[in-house]
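**Student:** Can you read through this structure? Questions will come right after.
The numbers here are math on the coordinates, done by the rules we state, and not lab data. These numbers were taken from a predicted model, which means no experiment stands behind them. We place every Cβ from the backbone using ideal geometry, glycine too, and count neighbours over all the protein chains shown.
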Amino acid sequence: MKCPNCGSKNVGKIGGNLFYCRDCFCEIKVKGNKFVIKLYDHEGRIKRVQYINV
Ligand SMILES: [Zn+2]
């Protein structure tokens, strides 16, 4: 799959419906017909949460 946030293909599966993008360091969760994207800052705190329709 491609990262819905930055378009990179450098996305790894970390379990179930959870993915991780190594380029923009976001966590991607597939929930129903939506992607839930969590962006983290350098301290590991959630910076932004985005919802994108699949
Ligand atoms: Zn990305």
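**Student:** With springs only between Cα atoms under 10 Å, which of ILE37, ILE28, ILE14 fluctuates most in a Gaussian network model of the chain?
**Tutor:** Greatest mean-square fluctuation among the candidates belongs to ILE14.
**Student:** Averaging sequence separations of C-alpha pairs under 8 Å and six or more residues apart, then dividing by the length of the chain, give the relative contact order as a whole percent.
**Tutor:** Working: 98 pairs, mean separation 12.1, N = 54.
22 percent.
**Student:** ARG45 to ILE14: extension gain in nm, 0.36 nm per residue of separation minus the Cα-Cα distance? Present the calculation step by step, with values, prior to reporting the outcome.
**Tutor:** On the way: separation 31, 0.36 × 31 = 11.16 nm, distance 1.84 nm.
Fully extending the segment from ARG45 to ILE14 adds 9.3 nm.
**Student:** In nm, give the distance between the simple-model label positions of LYS31 and MET1, each being 7 Å from the Cα along the Cα-to-Cβ direction.
**Tutor:** Result: 1.3 nm between the two label points.
**Student:** Which of PHE25, ILE46, GLY15 sits farthest toward the positive end of the charge dipole of the chain, with +1 on the Cβ of Lys and Arg and -1 on the Cβ of Asp and Glu?
**Tutor:** Sorting the options by dipole projection puts first GLY15.
**Student:** While we're on this one: Report ³J(HN,Hα) in whole Hz for each residue of region 37-44, in order, from the Karplus equation J = 6.51 cos²θ - 1.76 cosθ + 1.60 where θ = phi - 60°; Gly and Pro get x.
**Tutor:** 10, 10, 9, 10, 8, 5, 9, x
**Student:** Given H placed 1.01 Å from N in the peptide plane, which residues other than close sequence neighbours of LYS47 have an amide H under 5 Å from its amide H?
**Tutor:** Counting only residues 5 or more places away or on other chains, the set is LEU39, TYR40, ASP41.
**Student:** When the Debye formula is applied to the Cα atoms of the chain, each taken as the same point scatterer, what base-10 log of I(q)/I(0) results at q = 0.15, 0.17, 0.25 Å⁻¹?
**Tutor:** Each listed q maps to, in turn, -0.35, -0.45, -0.98.
**Student:** Going by C-beta contacts inside 10 Å, put ARG22, ARG45 in order with the fewest on the left.
**Tutor:** On the way: ARG22 11, ARG45 7.
The most exposed by this proxy come first: ARG45, ARG22.
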